[in-house]
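Worksheet for the structure shown next.
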Amino acid sequence: MSENKNPFFVPYGTPHDAVPFDRIKLEHFEEAFLEGIRRDNEQIEKTINNPEKPTFDNTIINTEEDEGYYDLLSRVSTVFFNLLSAETNDEMDALAQKMQPILTQHANDVRLNPRLFERIRQVHLHHRRLTAEEKMLLDNCYEGFVRSGALLDEAGKERLRQLTEEASMLSLQFSQNLLKEQKAFTLDITDEAQLDGLPETAREAAALTAKEQGKQGWVFTLDMPSYSPFMTYSTQRELREQLYMARNTLCTHDNSENNLEICQRLINLRREIAQLLGYKTYADYVLKRRMASNSRSVYKLLNDLIDAYKPTAIKEREELKKSLPQPLQKEGGMKPWDTGFYTHKLQMKKYNLDAEMLRPYFQLDKVIEGVFGLANKLYGITFKENKDIPVYHPDVKAYEVFDKDGSYLAVFYADFHPRKGKQGGAWMTEYQGQFIDRKGENVRPHVSVVMNLTKPTEDKPALLTLSEVETFLHEFGHSLHGMFANTRFESLSGTNVWWDFVELPSQFMENYAIEKEFLRTFAFHYQTGEPLPDELIDRIVKSRNFMAATACLRQVSFGLLDMAYYTKKDAFTDDIIPFEKQAWKKAILGKQLPNTCMTVQFSHIMAGGYAAGYYSYKWAEVLDADAFSVFKRHGIFDQKTAQSFRDNILSKGGTEHPMTLYKRFRGGEPTIDALLKRNGIKKR
């Protein structure tokens, strides 16, 4: 074991013990994984061979602490799998394929260890008086073992091992296939006439991409900062169709990246796992540990939203169809690759507003100042870039975060732009969670937000759309949940909450994107320094509910699809594509194309932890609208309200039931009214 060379085996020696990305090499990972497993097994043996009577302190806390900061396996796994999403390559992908079954086997060895579970069971039955947080940790620990098969007989445990190991590998393969397929496609243009309608920012970005790839002309990709402007502005209908079909048929082709069979198998594996553990469906298994509790509650939410929003969505679609040029109506109407283009034209007609008008006022550096400034106004915290903290790519910025009393609060990484080895989308993650160590020191978190925002060009800084500003606010909301964590145990800190509660802090922050008082703090023209005009802000506010019902139904459709797969009681044998079309039909207004498929690229429910849980975005939206109504009443920067939100929700993690935490902030349970009013569905 090369302890002097492998940075995972020695103290990092970096500011705040941050990950030494500059010293970590690919060969360090496997060595650290295997040594971490060895140490893990050694510690478990000590625990189960302890001659003393099992207690909360010598069994539960002992296990928790060894799975936290001091655990080598946790440290290396965190770094490796975060980089696998944000900065991977063929060698890392191959190592992931090699290590995934080994890691899954080890996790099963721990959860299915009968002697370890017996100690935990004894503590669950007989324990000292516990605090609310200790009780939650004990319940989570016991339930975690039970839900991982600890009560199964030997044959059941062996079958569970097989199922979980296969599911783990297929989830990894799903993600790798999607990334490869998405990055492999380019739309190469050499005829400038084919750029008609595209704004200058899109042209410059495409020219830069072409230059980076050693090509002539302009290159468009399936990354959202490239794809979205093309679909919105290009007058070249055939090219819009080409780009749309490329994106919406990802992983359906007859090649090694096809995900159709993988999805079918994952659905069946999860169903069988749930049934092996005594549940009728995978949704029943998942929802037992969710605020929604059962599939009836989920379907009630989704159907209530359909009932409330569909009439307005139909009106929105009719208005859009009426705005189409006559020739298009005669040709059979609007196709999916026309929707963004003509929606934009209608928005211009109604509000004289589009994303490109706002870009000059959303320079990324200023947006960063604005978002950090918002956190300062609400909570008094400050951010200071520290270039001594190592990062894993030049795009990444590392900040020290200080609390309102000047004390160190957290490390915050921000990774802004798309690149070859980076998954699409946006997410928040951690390199270190918060907890209180054995010496009583409050170990502070290291959180990271990873996004795919518009890149700078050779002539312009990174200029964002309003939608990208909302994305930044969303992920920053997750990061505040992590940074404000103030719990004793790491497994209960920060975003370690039930899935249908985790989106509350993130979606709450999105509310600020159209608030005039917030926009005035940072939205200045990148060339002239002029503030975003009030008249333009007014148009943003007036247009906030433009196509809101249609957008709601889109999210609901994803929730319906998710539930359709994971409420299956019998083996899933349907063809994915036609099943998908039928599953979400209730929330779909237009004609569906026969060959497009969402499921094969739906990372959330196939590889991202949201299986039987995608509804949580809408569930949390009810919460966030209700919560923001309190701020609207007292003032959107009201520090007293913000302190209550921090104390009762952001800092508490999963230490209590989420509804208990919410009611402590709000004074009661939320209703759907605030959301309906915000979206203009219900009159105020």
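The values are calculated or read from the model by the stated rules, or taken from the named source; none is laboratory data. Note that this is a predicted model, so its numbers are computed, not measured. Because the Cβ atoms are built from the backbone with ideal geometry, glycine has one as well, and the counts that use them run over all protein chains shown. Remember, those area values only see protein heavy atoms, side chains included, never the ligands or the DNA or RNA. Shrake-Rupley method; radii C 1.70, N 1.55, O 1.52, S 1.80 Å.
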| said: For the condition in contact with a Pro (Cβ under 7 Å, 6 or more places away or on another chain), at pLDDT 95 or above and either assigned to a helix (DSSP H, G or I) or among the charged types (D, E, K, R) (or both), what is the one hit in TYR299, TYR285, TYR309, TYR244? | reply: TYR244
| query | Which pairs do you get when a residue that is more than 15 Å from SER543 (Cα to Cα), found in the stretch 352-376, comes within reach of a residue that is open to solvent by less than 10 Å² (accessible area, probe 1.4 Å) and among the acidic types (Asp, Glu), reach meaning Cβ atoms under 8 angstrom, with the pair 6+ apart or on two chains? | reply | none
| Selection status of ASP93, in a helix (DSSP H, G or I), more than 30 Å from LEU179 (Cα to Cα), of a type in the set (Asp, Glu) and in contact with a helix residue (DSSP H, G or I) (Cβ under 7 Å, 6 or more places away or on another chain) | no
| said: Here's a check for you: in the stretch 512-563, which residue that is open to solvent by 30 Å² or more (accessible area, probe 1.4 Å) and small (Gly, Ala, Ser) is farthest from the chain's Cα centre (by Cα)? | reply: GLY529
| the stretch 294-313 residues that are open to solvent by 10 Å² or more (accessible area, probe 1.4 Å), paired with ones that are outside any helix (DSSP H, G or I) (beta carbon under 7 Å, 6 or more apart) | SER295/THR567; LEU301/TYR615; ASP304/ILE672; ALA308/ILE681; THR312/ILE681
| query | PRO594 fails exactly one of the following numbered conditions: (1) within 21 Å of the chain's Cα centre (by Cα); (2) touching a residue at least 12 places away in the same chain (Cβ under 8 Å); (3) not in a helix (DSSP H, G or I). What is the number of that condition? | reply | (1)
| said: Can you confirm whether PRO390 is at pLDDT 95 or above, more than 24 Å from GLU503 (Cα to Cα), in a loop (DSSP other than H, G, I, E, B) and open to solvent by less than 30 Å² (accessible area, probe 1.4 Å)? | reply: yes
| said: Among the residues in the stretch 565-576, are any part of a helix (DSSP H, G or I) and either touching a Leu at 6+ places or on another chain (Cβ under 8 Å) or at positive phi (or both)? | reply: yes
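Rundown of residues vs (1) modelled with pLDDT of 95 or more; (2) on the phi < 0 side of the Ramachandran plot; (3) part of a loop (DSSP other than H, G, I, E, B), yes/no style:
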site	(1), (2), (3)
THR487	yes, yes, yes
THR495	yes, yes, yes
ASP500	no, yes, no
SER506	yes, yes, no
ASN511	yes, yes, no
GLU517	yes, yes, no
THR521	yes, yes, yes
GLY529	yes, no, yes
| message | Looking at ASP223, ASP188, ASP196 in this structure, which one is under 18 Å from PHE416 (Cα atoms) and of a type outside the set (Val, Ile, Thr)? | response | ASP223
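A quick yes/no check of all residues on (1) touching a residue at least 24 places away in the same chain (Cβ under 8 Å); (2) of a type in the set (D, E, K, R); (3) open to solvent by less than 10 Å² (accessible area, probe 1.4 Å); (4) farther than 30 Å from LEU463 by Cα:
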site: VAL110; (1), (2), (3), (4): yes, no, no, yes
site: ARG115; (1), (2), (3), (4): yes, yes, no, yes
site: LEU130; (1), (2), (3), (4): yes, no, no, yes
site: GLY149; (1), (2), (3), (4): yes, no, yes, yes
site: GLU158; (1), (2), (3), (4): no, yes, no, yes
site: LEU170; (1), (2), (3), (4): yes, no, no, yes
site: GLN173; (1), (2), (3), (4): yes, no, no, yes
site: THR201; (1), (2), (3), (4): yes, no, no, no
| request: Return the residue satisfying two criteria in turn: it lies in the stretch 273-282 and is open to solvent by 50 Å² or more (accessible area, probe 1.4 Å) and in a helix (DSSP H, G or I), and of such residues it is nearest to LYS683 (Cα to Cα). | output: GLN275
| request: Output the residues belonging to the stretch 667-684 that are over 27 Å from ALA551 (Cα atoms) and open to solvent by 30 Å² or more (accessible area, probe 1.4 Å). | output: GLY667
| message | Can you confirm whether PHE476 is touching a Gly at 6+ places or on another chain (Cβ under 9 Å) and open to solvent by less than 20 Å² (accessible area, probe 1.4 Å)? | response | no
| request: Could you pull out the residue among LEU222, LEU178, LEU172, LEU163 that is in a loop (DSSP other than H, G, I, E, B) and aliphatic (A, V, I, L, M)? | output: LEU222
| message | Test of understanding: among GLY424, GLY406, which residue is open to solvent by 10 Å² or more (accessible area, probe 1.4 Å) and in contact (Cβ under 8 Å) with a residue 12 or more places away in the chain? | response | GLY424
| task | Quick one: which residue in LEU198, LEU239, LEU208, LEU222 is in contact with a Phe, Trp or Tyr (Cβ under 6 Å, 6 or more places away or on another chain) and more than 24 Å from LEU561 (Cβ to Cβ)? | result | LEU198
| Looking at GLU535, GLU515, which one is among the acidic types (Asp, Glu), in contact (Cβ under 8 Å) with a residue 12 or more places away in the chain and more than 30 Å from LYS180 (Cα to Cα)? | GLU515
| note | Filtering the stretch 645-666 down to residues that are open to solvent by less than 30 Å² (accessible area, probe 1.4 Å) and either hydroxyl-bearing (Ser, Thr, Tyr) or assigned to a helix (DSSP H, G or I) (or both) yields PHE645, ARG646, ASN648, ILE649, LEU650, SER651, THR655, PRO658, LEU661, TYR662, PHE665
| Can you name every residue in the stretch 630-644 that is surrounded by fewer than 18 Cβ atoms within 10 Å (Cβ to Cβ), over 13 Å from TYR662 (Cβ atoms) and not charged (D, E, K, R)? | HIS634, GLY635, PHE637, GLN639, GLN643
| task | Have a look at LYS330, LYS350, LYS345 and point out the one that is closer than 23 Å to ASN248 by Cβ, more than 26 Å from the chain's Cα centre (by Cα), open to solvent by 60 Å² or more (accessible area, probe 1.4 Å) and among the charged types (D, E, K, R). | result | LYS345
